[in-house]
1. What is the fewest-to-most order of B:Ser84, A:Ser21, A:Ser104, A:Ser83 by other Cβ atoms lying within 10 Å of their Cβ?
2. Enumerate the calculated ³J(HN,Hα) couplings along the stretch A:144-152 in order (Karplus 6.51 cos²θ - 1.76 cosθ + 1.60, θ = phi - 60°), each rounded to whole Hz, writing x wherever the residue is Gly or Pro.
3. How about the stretch B:66-150: which chymotrypsin sites (Phe, Trp or Tyr not before Pro) there lie in a loop by DSSP and see at most 11 other Cβ atoms within 10 Å?
4. Compute the normalised compactness of the stretch A:1-105: alpha-carbon radius of gyration over 2.2 N^0.38 Å, N being the residue count.
5. Let's see if you can work this out: charge +1 on each Lys and Arg Cβ, -1 on each Asp and Glu Cβ, no other charges. What is the dipole magnitude of the protein assembly as shown about its Cα centre, in debye to the nearest 20?
6. What's the Cα-based Rg to Rh of the protein assembly as shown, Rh via Kirkwood?
7. Computed over the Cα atoms, what is the radius of gyration of the stretch B:122-162 divided by 2.2 N^0.38 Å, N being its residue count?
8. What percent do you get for the relative contact order of chain A when only Cα pairs under 8 Å and 6+ apart count?
Amino acid sequence: MIAPPDDCLARNEWICGAYLSTRREILTDAVVQHLQLAAVSVALGLVLALPLAVAARRWRWAAGPVLGVTTLLYTIPALAMFSLLLPVYGLSATLVVAGLVLYSLTLLVRNILAGLRAVPEETRQAARGLGYGPVRLLLAVEMPLAVPAAMAGLRIATVSAVSLVTIGAIVGHGGLGNLIYSGMNTYFKAQVLTASVLCVVIAVVADLLLLGAQRLLTPWTRGQAA
Amino acid sequence: MTTLADAWSWLTTSAHWSGENGIGHRLAEHLFLTVVCLAVSCAIALPVALVLGHLGKGGALAVNLSNVGRAVPTFAVLVLLLLSPIGSYGQWPTIIALVLFAMPPLLTNAYVGMRGVDPDVVRAARGMGMTGRQTLTLVEVPLALPLILTGVRIAAVQLVATATVAALAGGGGLGRIITAGFNLASTPQVVAGACLVAVLALLVEGVFEGVQRLAPAGGRGSGP
């Protein structure tokens, strides 16, 4: 008879190097799924949020409904949001993405709108005086000036999305959340801790990358922030 | 549309409202968790934030906490607590996780509110001979009240959401109706539970918005 191996996996310890080396593939797959879900959601959210924010800026009457509806959506807890989308999308990754898009929409629309509104009237008039039409004014003057506020929203939306992907475990598409969920059911401490830490690491790295991108996109703000 | 009709008929079946797994009991659990944890987190976070804001110290901590709170998944913390030794004490993992996630918005908003009080007003209060404690309670807190209440509102909505996720980790509350629906592969039950949670969250938000409107006029700064 062979004695059971006496390693950290057998002892079910929280921190376990053997877990990292033996389950590398599972972990990589989960991280990739996690990144895909979060990235696709935030990217789609951004694509939808831009026209909404521009419309809310352009037509005063549109601002109320746009902000109202997105705030309403944001108030609904994530688990309920995924569940409400179940009849539409079934148990699929699309469901998780759709739910996360609706969340990031709120943060992005609010911040982009705030950025557009903060463009000084003098700047706008100067651009008009230089012969800028409404489209060129928006693309070449207002949008770039709204980048810092928009990026702040994008960072919050990304960090939230990375964290909320875990709830997708309820439909089996939660990236690292799947590992946390199955680890909970099998009382597998190393798996739960490793997946949780990886989630936070992804969120922090994404936040830092976006901060770097913002610095590159807005060279004129450098040196201003003391 | 049939799913919505099915969900509605699930909701209106009286058998689903009674018993330990019924809507009535789950709603009571959810409200109990939300109210108790809101009270506990306010009792811990608000004094700390008000004193830090009054002294003007610990600003980086107060602001960064809400970023940390956003980056750490609620579900991960719930499961970690469940597998830790605390996990064998009934609802305690849920309560601890709820309090942890309610604190960042409370701390950040109360702190920012306190720092946003016009320094001239504070100096005037000092000049009139007010002590530090009097300045805090009679001048700064009333002026910071709108933001403090915003923090409480965000925390309350966050609590409703976290209490829902707690069901994934075996906690009580309305989330259990959703998870039970998933286990039974009953879409009407899942949708019905989700509707209950969404309505509860929107109601909590609405109630706090009402409270904020009713807050003493002095708290809203110098009117028009």
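1. Neighbour counts put them in this order, fewest first: A:Ser21, B:Ser84, A:Ser104, A:Ser83.
2. So the J values, rounded to whole Hz, are x, 6, 8, 4, x, 5, 5, 5, 4.
3. Passing sites in the stretch B:66-150 are B:Tyr89.
4. Cα Rg divided by the expected 2.2 N^0.38 Å: 1.66.
5. 1200
6. Result for the protein assembly as shown is an Rg/Rh of 1.00.
7. For the stretch B:122-162, the normalised Cα radius of gyration is 1.64.
8. 26
Since every read-out is calculated from the coordinates, none of them should be taken as a lab result. Just so you know, these numbers come straight off a predicted model, no measurement behind them. Note that each Cβ is placed from the backbone with ideal geometry, even for glycine, and that neighbours are counted across all protein chains shown.
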